[in-house]
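Student: Here it is, the structure, as structure tokens.
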Amino acid sequence: MRGAGKYVAVYDVSDDKEREQVAKVLEGYGIRVQKSSFECVLARGSRLTLERRLTDLKLESGFVFLYRLQKSSNRIAIGSVPPNPLDDSNYAFVIGPEQCHRTLTSPPASNLRSIPVNHAGFLQKL
């Protein structure tokens with residue numbers, strides 16, 4: 001995403017219902033990396049919408065922190081860590097009039113396929 005920034009969202013919410021609401025909102029904007037943390041790539045508009053949606057929850061039992069990472073920030077992975085889901089180097093974005101798709105570019109060109117993504121550009125569960 002051109003002009004987008006990398007963010008880490010972390011939360012500490014004690015009420016189960018509020019915690020589920022926070023997780024549901026964040027799942028639309030990023031990838032869960034731990035129970036209460038998400039990595040996100042957000043354009044300014046998406047970040048503002050995310051902030052508004054989280055504010056609208058009116059959390060009473062905890063908080064959410066949203067940290068912007070600098071462009072020079074690198075992810076250091078130690079241990080048995082899954083691949084970085086935010087690495088777009090293996091994807092191409094195809095925007096159509098009716099819905100957005102992310103197309104895998106790894107297979108041969110004849111085997112390209114489109115996979116639906118959510119509004120933030122992340123793969124949806126099929």
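Laboratory data are not the source of any read-out in this text; all were calculated from the coordinates shown. These numbers come from a predicted model, not from an experiment. Virtual Cβ from ideal backbone geometry, glycine too; neighbours counted across all protein chains shown.
Student: Any idea which residue in segment 8-53 is nearest to LEU66 (Cα to Cα), counting only those that are assigned to a strand (DSSP E or B) and among the small types (Gly, Ala, Ser)? Steps first, please.
Tutor: If we filter segment 8-53 for residues that are assigned to a strand (DSSP E or B), which is where we start, we get 8-13, 30-34, 37-42.
From what's left, among the small types (Gly, Ala, Ser): 9, 30, 37.
Details: ALA9: 4, GLY30: 12, SER37: 10 Å.
Restricting to residues being assigned to a strand (DSSP E or B) and among the small types (Gly, Ala, Ser), the top hit is ALA9.
Student: Which residue out of ARG44, ARG19, ARG53, ARG75 is touching a helix residue (DSSP H, G or I) at 6+ places or on another chain (Cβ under 6 Å) and basic (Lys, Arg)?
Tutor: ARG53
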